[in-house]
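Here the structure is laid out as structure tokens; the discussion comes afterwards.
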Amino acid sequence: MQFGGLKAVDQASFEIPPGRICVLLGPNGAGKSTLMKMLTGLLAPASGEAMVAGLDVHKSPLEVRRIAGILPESLGLFDMLTVEEHLHLCGPIYGLSSEETRRRTDQLIEALALENGRHTQAGQCSNGMRKKTALALALLHNPRVLFLDEPFEGVDPVTAQTIGELLQMSVKHGVTIFLTSHILSIVDRLADWIIVLRGGRIVWQGPASELKGTLEELYFDLVEPLRVADLPWLGPSQS
């Protein structure tokens, strides 16, 4: 994928085993969001193809939308709708009956610990509640594949743990998860498959079990060396 003279994603080729959590890592500007947008049909690749569960994203966009759940970085919520109203509104869009929508809404609200915010408008929710609401929307129609853009960004440790456990449970039910994150300590516990992107190119990919050393060591070695600078003027005044 190219923007002017910049190649945001260049010859990125990979296949994720089904029923796994795949984590896409890389610094800001590496091409992670562009790659996510190509896989979810928001951008068309300049060459090659994007396939999801055997479907060509750009030849069969509606079919892909039916089997995919998406958590965008922007979350895509309506500030004037409550948590519950979001779910009740979206259920029929995916062909769910009112009864089934209410049942799944109740289960998702309980699973994501959203009971206290059930009747709160999204514009009044904390960032963690908003993120969990968007995740509930992504799960509502029982997707085969989940695309999650920074699901752990800006949330408290309890919310991060809740989201992580729900993702692990989803994988046990056969869901394939593709997510981006900068929080290595969290994804290190979750990832079954890892892709590392730098400058639009994949510089490492494979099962997490094949890592030699820690995920942090891999990241700092291949992507961004850790920088530590001394600032001698910091600290109590010597005068």
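The values are calculated or read from the model by the stated rules, or taken from the named source; none is laboratory data. The structure presented is a predicted model; accordingly, all values stated were derived computationally and were not measured. Glycine also receives a Cβ, built like all others from the backbone with ideal geometry; neighbour counts cover every protein chain displayed.
If you go through segment 156-186 and keep only what is among the β-branched types (V, I, T) and either outside any strand (DSSP E or B) or over 11 Å from I21 (Cβ atoms) (or both), you end up with V158, T159, T162, I163, V171, V175, T180, I183, I186.
Scanning segment 31-59 for residues that are surrounded by fewer than 16 Cβ atoms within 10 Å (Cβ to Cβ) and part of a loop (DSSP other than H, G, I, E, B) gives L42, A44, A46, S47, G48, E49, A53, G54, H58, K59.
Has segment 204-213 got at least one residue that is part of a loop (DSSP other than H, G, I, E, B), surrounded by 15 or more Cβ atoms within 10 Å (Cβ to Cβ), out of contact with any Cys (no Cβ under 8 Å at 6 or more places or on another chain) and not hydroxyl-bearing (S, T, Y)? Looking through segment 204-213, at least one residue is part of a loop (DSSP other than H, G, I, E, B), surrounded by 15 or more Cβ atoms within 10 Å (Cβ to Cβ), out of contact with any Cys (no Cβ under 8 Å at 6 or more places or on another chain) and not hydroxyl-bearing (S, T, Y). Of the residues in segment 6-19, none is assigned to a strand (DSSP E or B), at pLDDT 85 or above, farther than 25 Å from M169 by Cα and out of contact with any Leu (no Cβ under 9 Å at 6 or more places or on another chain). Among the residues of segment 20-30, those that are modelled with pLDDT of 85 or more and not in a strand (DSSP E or B) comprise R20, G26. Residue check: I177 meets all listed conditions (1) among the aliphatic types (A, V, I, L, M); (2) at pLDDT 90 or above; (3) surrounded by fewer than 19 Cβ atoms within 10 Å (Cβ to Cβ) but one, namely (3). A Cβ distance below 7 Å, combined with a sequence gap of six or more or placement on separate chains, defines the contacts here; from segment 88-110, residues that are modelled with pLDDT under 95 reach residues that are part of a helix (DSSP H, G or I) and of a type in the set (S, T, Y) in the pairs G91/T101; P92/T101.
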